[in-house]
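> I have a structure here, written as structure tokens, and I will follow up with some questions on it.
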Amino acid sequence: MCYYNRQKVTRSEYIRLKQLEKAILNYDFLSRDLQVGFDYGLNAVLQRKYGVEDFDIVQMEWGFIPPYWKNREEVKKYREGFKDNQGKWVQYITLNATAEEMLLPRKMYREAALKRRCLVLSTGFFEWRHVFPPNKRTGLPTKTAVKYPYYISVKGQDYFYMAGIWQEWTDQDTGEIVKTVSVVTTEANELMTEVHNSKKRMPTILNEELAYEWMFGDLSEERITEIGKTKFPAKEMEACSIAKDFREKLEPAEPYTYEDLPAIELSL
Amino acid sequence: MEEFEIRYNDLVLNVAEHMVGNDRIFRVLFGNGKPALIVTRTTAPGNQTFWTSIPEGRQQEAEEIGELIAKEIKRRK
């Protein structure tokens, strides 16, 4: 049992609160707005100590920044997107690295996947399910989806590991050094196919054995891809619908029932 | 960033809401030279939730002021 402020808290909460302490030390309260969605915020990450089979819990900025992006201005430009000289839209969303592609030649994630694998601690994550209700007149599915948020977690586990790859980045203008991380994603399992039904992808969740191998193993490219493509068993996960304004709630993961939301049916 | 005021022991406190990573926190300014208080919701075994201070050391204030913050948020909806 863990204690924070002399109060009993769960182990995962203890880790979260200690990480929050560190994050707040570096937090600029004057300039940061309330952040939602793609917040590029700090996450608790297990990073291997150099040369030994041990790790530190560190904070990394979620959103991989390749070393050749020069400064924050350039990072912002690539993250938010822009039209290039030919009028083509260019944007890099680096929150996630696709397991099937991250080792391909010239991919920005390749070297990190080979040399800097880590584990992102998570208690659960949010995704949106797209539902196309029948048109009242024709009975056919409408073309515009109604989106319902879900909270997904691993049954019986306060926290779990997501495969990650990290990159240290230096702002060439200010000298700021920051560790950045991308969460590896894989094809959705049966549960996530129903929940994240627009993209049918999910984070690569690893059991303890695979997590150890991912971080400490001397792995071939084939094995890195193989572990990266791990589909965590759907029967060991749970998903519940939550309120659409979950970002504003004190307990964002609190279940919420929608009368018009069809239940997820799985044959596991 | 959302800001609002609450009354606590004859003081008007300024409260600012922030997201730090995925965590929702509230920073409370007393306006009388007292250090700012940062509070968040946490979970006890059995899923009971309560307010706590970040860092440790101001639990009683966190619980009292946290409840006032919760009331104000509910009132504003």
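> Can you list the aspartates and glutamates whose alpha carbon is less than 20 Å from that of residue A:8, not counting same-chain residues fewer than 8 positions off?
Output for residue A:8: A:21, A:158, A:251, B:23, B:56, B:61, B:63, B:64, B:67.
> Evaluate Rg over Rh across chain A, taking Cα atoms for both radii and Kirkwood's formula for Rh.
The Rg/Rh ratio comes out at 0.98.
> Which of the lysines could a cross-linker bridge to residue A:229, judged by Cα under 21 Å and excluding same-chain residues fewer than eight apart?
Once the sequence-local lysines are set aside, what remains near residue A:229 is A:107, A:115, A:155, A:199, A:200.
> Shifting gears a bit: Take segment B:17-77, drop everything but the C-alpha atoms, weight them equally and run the Debye formula without solvent; then report log10 I(q)/I(0) at 0.14, 0.25, 0.26, 0.27 Å⁻¹ to two decimals.
-0.40, -1.18, -1.24, -1.29
> Roughly how tilted is helix B:59-76, in degrees to the nearest 10 and between 0 and 90, from the longest Cα axis of chain B?
Tilt of helix B:59-76: around 80 degrees.
> Please find, in a Gaussian network model of chain B (springs between Cα atoms separated by less than 10 Å), the residue of B:25, B:65, B:38 whose mean-square fluctuation is greatest.
Result: B:25 has the largest fluctuation of those listed.
> Still on this structure, please answer the following. Scan around residue A:185 for amide H atoms under 5 Å from its own, H built in the peptide plane at 1.01 Å from N, and keep only partners 5 or more places away or cross-chain.
A:97, A:98, A:99, A:204
> From the square roots a ≥ b ≥ c of the eigenvalues of the alpha-carbon gyration tensor of segment A:46-205, which class results: rounded (a/c under 1.5), prolate (a/b over b/c), or oblate?
Since a/c reaches 1.5 but b/c is at least a/b, the shape of segment A:46-205 is classed as oblate.
> Specify whether the C-alpha gyration tensor of segment A:171-268 places it in the rounded, prolate or oblate class, a ≥ b ≥ c being the square roots of the eigenvalues: rounded for a/c under 1.5, otherwise prolate if a/b is larger than b/c and oblate if not.
Numbers: a/c = 2.59, a/b = 1.33, b/c = 1.95.
Verdict is oblate for segment A:171-268.
> Counting only DSSP beta bridges with both residues in chain A, tell me the antiparallel percent, nearest 5.
Roughly 90 percent of the beta bridges in chain A run antiparallel, per DSSP.
> Same structure again: May I ask for the distance between the Cα centers of segment A:1-23 and segment A:131-161, given as a whole number of Å?
With segment A:1-23 and segment A:131-161 each reduced to a Cα centre, they are spaced 32 Å.
> Just grab the label-to-label distance for residue A:172 and residue A:107, each label 7 Å out from Cα along the Cβ direction, in nm (one decimal).
2.6 nm
> Connecting C-alpha atoms closer than 10 Å in a GNM of chain A, tell me which of A:88, A:199, A:115 has the biggest fluctuation.
A:88
> Please report, ordered by residue number, every helix of chain A (full DSSP H runs) that is 15 Å or longer along its axis going by C-alpha atoms and whose mean Kyte-Doolittle hydropathy reaches -0.5.
Values: long enough: A:11-25 (22 Å, -0.48).
Result, helices passing both filters: A:11-25.
Each reported figure results from applying straightforward, stated rules to the coordinates on display, with no laboratory input. Values in this document were obtained by computation on a predicted structure and should not be read as measured data. Backbone-built Cβ (ideal geometry, glycine too); neighbour counts: all protein chains shown.
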